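Below is one structure, written out as structure tokens; the observations come after it.
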Amino acid sequence: MSGQQLLQYRQKRERIVQALSRIQGVAEALRVPAVAEALNDTIEDVRQERFKVVVVGEFSRGKSTFINALLGRRILPSSPVPTTTILNKIVYADQPDYLLMYREAGRAPERVDETAFQAIVAPEEAEEGDDRALALRDERLERIAEIAYAEIGYPTELCGHGVEIVDTPGTNDLDAAREEITYRFIPQSDAAIIVLSGRMPLAETEMHFIRDRIIASDIKKMFFVVNFKDALKTEADRVKVMAYIDEHIRNIVPEPRLFLLSAKQALAAKRRLRGENVKGEAAPLEQTGYPEFEEALATFLARDQGPIKLLKPADRGVRMAAELQANHIRLLLGTMTLGVDELEKRLALVRAELERARRASDETLRSFRTNLTAAGQGMREELANGLHDIANSAVRTVTNYQGALEKNEIARAVEGTVAPLQTSLQDRLRQRQTAILEEEFQRANRKLQYEWDAIEAKIVESLSLQASTQAGDGELQVSYDEGEVVVKTGLGSLGLFGLIAGFHIAIPFALPALFFGGSFLYTYFQNKMRERVLGEARVQIEKRYRDGIPAAVASYGKQWDDLTDRAEAAFRDEIRLKLDSIAARLAGIEAERAKEASVVEARKRELASYQAALEDSARLLQETANELRSTNG
């Protein structure tokens with residue numbers, strides 16, 4: 001970013017902060033604490049200039065090594081098995097710092113040193129038969145299951161410029177809770193780095209993930225890193241792999257940014273440049289493909305980071321300014337012409353309508369919960385049936401297998417059969433669960449809309465106000481903003497509440513390749529006849545698939561029940577807050593009208609000045625947002 005560009009960016013940022021601060025001041029003067037607090041958080045976020053970059057990819061793509069190379073240090077462990085991976089958020093700190101954030105509500109974060117962190121997330125492998133080592137491994141796996149994510153502070157130059165790197169577990173992770181956490185972080189990110197493999201380029205599951213998770217989360221800035229350049233021995237192989245990936249990626253990303261590199265070699269080269277002792281030979285950094293990627297990332301962060309980051313708070317400020325005008329200032333101004341006694345009679349009518357709305361809302365929420373509970377049982381049954389069908393297909397594949405008796409070949413045959421079935425089941429379940437959830441939310445919305453419309457009509461009728469909202473604004477709507485569900489009505493925002501991001505419920509699957517772990521098949525391939533080998537493989541696959549179904553269905557069911565609980569509680573709390581807010585506003589109107597006429601006139605002038613400040617601030621924010629969009633293309 002040139003000096004002129006930096007100056008212009010800082011000027012835009014300051015304009016946004018000033019406008020948001022003015023809107024916040026009005027919110028505080030109007031005694032609307034929820035809006036004032038939300039604006040305060042937004043202002044703080046703008047000033048700190050945090051920029052989240054999420055790194056995603058399937059297991060074994062080398063994400064941890066890639067991030068270590070990006071940061072120039074071996075910060076993240078390279079876990080040997082998926083079950084030991086956790087989500088890591090890397091931020092700047094003057095000294096190394098490891099903070100474990102737990103899933104359990106109310107459990108305090110735990111700060112550990114590097115040795116303890118490594119022991120938790122990268123434990124030593126346990127051999128079969130070593131009961132003590134196996135028990136220790138299981139204990140560590142239980143500990144990992146309790147961790148939501150780790151926040152790692154490190155004095156790295158990249159993060160020193162306000163960048164946060166989010167290292168996710170594999171997108172084909174087996175743990176449903178980790179998958180949920182990953183999908184909660186993705187919508188909050190400003191850019192994504194998708195790590196692919198040059199050894200097995202672009203699986204169908206990766207295409208689904210890019211389209212359905214990254215692009216669907218409105219992440220426009222993507223970098224595609226093709227790792228393991230060193231495994232492609234000839235230039236012809238490299239050209240072929242990159243052409244294949246480019247051809248397929250263009251079906252969903254018109255102009256993909258592709259980079260072929262070797263994260264392992266780049267990390268070794270950087271460590272040597274830092275004076276560290278690295279075993280073996282290492283290619284020069286310029287031959288690893290990393291400098292080209294780093295230059296593109298640096299250019300992006302310098303040129304695009306600011307405009308992207310400032311757009312959200314600018315748009316949010318415009319929305320909140322409009323809300324304060326429509327739902328607070330106009331309401332107060334409209335009632336100042338009524339006499340005190342007459343106003344009290346009319347307020348009593350509105351309060352009676354509010355009480356009726358409370359009772360109707362309770363009934364709506366009871367129906368909402370009943371319907372979701374029944375639907376959840378049907379989803380459990382469909383998941384169980386689908387997993388049994390997949391298990392049957394996996395067993396048949398081994399039974400009919402005619403290829404070489406090699407572990408990887410059998411695994412590939414099973415995966416070729418099972419992967420499409422898994423994808424189909426996953427898509428079918430997600431489509432159905434989304435349809436169910438949307439239908440139930442919409443049904444509740446329609447019923448609650450009637451209550452909001454009735455209250456709005458009573459306010460208009462009783463307080464002689466003109467409707468200040470556009471047609472249709474009375475409907476209780478669910479929309480999406482940074483992975484959270486926003487409920488808003490024509491009478492004002494009902495606030496934010498955290499459901500599973502984008503109605504996402506993780507659908508747990510087991511990966512075929514993991515059924516061939518350890519030395520089991522190697523031993524049998526060497527010493528047993530074909531029938532015996534395939535028989536043992538069938539037994540292993542049958543056991544792993546069948547045994548995992550009850551746990552998968554139970555995990556899914558628990559997530560569904562948790563979502564139902566949280567959705568109902570969130571609706572109930574937000575509706576209560578909404579109705580209480582209306583009641584408080586009515587009380588405020590009554591108090592305002594009881595003042596002397598001279599005071600009322602002064603208050604009118606004050607409210608008019610607030611309205612002018614909001615209009616001016618919203619106009620400034622909108623102009624700045626338009627400039628940012630123009631700058632960012």
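Rolling a 1.4 Å probe over the heavy atoms of the protein chains gives region 339-379 an accessible area of 51 Å² per residue.
Please list, by residue number, every one of the trypsin sites (Lys or Arg not before Pro) in region 245-324 that is coil in DSSP and has at most 10 other beta-carbon atoms within 10 Å. Qualifying residues, ordered by number: 274, 279. Listed cross-link partners 578/604; 221/264; 458/578; 447/578; 229/264 are compared with a 18 Å cut-off, the Cα-Cα value being larger for 578/604; 221/264.
The values are calculated or read from the model by the stated rules, or taken from the named source; none is laboratory data. All values derive from a computational prediction rather than experimental measurement. Note that each Cβ is placed from the backbone with ideal geometry, even for glycine, and that neighbours are counted across all protein chains shown. Areas reflect the complete protein model, heavy atoms only, side chains present, ligands, DNA and RNA absent. Shrake-Rupley method; radii C 1.70, N 1.55, O 1.52, S 1.80 Å.
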